[in-house]
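Just below is one structure, and these are the notes that go with it.
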Amino acid sequence: ETIPSGQALVLWEVMWERVESGGTQAVLRFIAPGVAREGGTVGPEAALTDLDWLCATHGVPVSALPAAPSGEVVVTLMDRAVPRGTTDPDATQYFGVYLIENGECSPADF
């Protein structure tokens, strides 16, 4: 399968974090040079479509792993590696936060 925008991605890291509710969330972080402000080919709308697709194709299976079941998934697209929890004013990052309900991704409302 090809990501909707057609951009090339590299899976940078997958981690699990505890959330305030006491459960866990799976975090999937992708390097996506196409989202860069300078010279990028993927705009915000296409990036959001990619986030939804990545949740459905990658986040749902990861959230169902028996060793670390997760009710929430965070998907990040970033044009360069940025350590989790830090900022880089030169980096472009898009985040999607989803609840996993009945094997499907629903955007989380905050």
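Given a 1.4 angstrom probe, what's the average accessible area per residue across the stretch 1-43, in square angstrom? Let's see the in-between values first.
Working: 2640 Å² over 43 residues.
On a per-residue basis, the stretch 1-43 sits at 61 Å².
When all protein chains stay in place, what accessible area (Å², nearest 10, 1.4 Å probe) is found for Arg84?
Near enough 90 Å² of accessible area.
What are the residues whose amide H is under 5 Å from the amide H of Glu13, where those residues sit 5 or more places off or on another chain and H is modelled from the backbone?
Distant-sequence amide H within range of Glu13: Arg29.
Sticking with the crude label model, points 7 Å out along Cα→Cβ, report the distance from Ala56 to Arg80 in nm, one decimal please.
Placing both labels 7 Å along Cα→Cβ, they lie 3.3 nm apart.
Who wins for biggest fluctuation among Glu45, Glu72, Glu20 in a Gaussian network model of the chain, springs between alpha carbons below 10 Å?
In the Gaussian network model the winner is Glu20.
Per 0.36 nm of contour for each residue apart, how much would the distance between Asp90 and Ala36 grow if the chain were fully extended, relative to their Cα-Cα spacing? Let's see the in-between values first.
Details: separation 54, 0.36 × 54 = 19.44 nm, distance 0.92 nm.
Net length gain for the segment: 18.5 nm.
When the Kirkwood radius is taken over all Cα pairs of the chain, what Stokes-Einstein diffusion coefficient follows at 37 °C and 0.692 mPa s, in µm²/s? Don't jump to the answer; show the numbers that get you there.
Working: Rh = 14.1 Å.
Diffusion coefficient, whole number: 232 µm²/s.
If I compute solvent accessible area with a 1.4 Å probe over the protein chains, what percent of it on the stretch 6-110 is carbon and sulfur?
Carbon-and-sulfur percentage of accessible area, whole number: 56.
Where the centroid of each part is defined by its Cα atoms, how far is the stretch 4-19 from the stretch 69-110 in Å?
After rounding, the separation between the Cα centres reads 8 Å.
The values are calculated or read from the model by the stated rules, or taken from the named source; none is laboratory data. Bear in mind the structure is a predicted one, so any value in this text is a computation, not a measurement. No Cβ is skipped: glycine too gets one built from the backbone with ideal geometry, and neighbour counts run over all protein chains shown. Areas reflect the complete protein model, heavy atoms only, side chains present, ligands, DNA and RNA absent. Shrake-Rupley method; radii C 1.70, N 1.55, O 1.52, S 1.80 Å.
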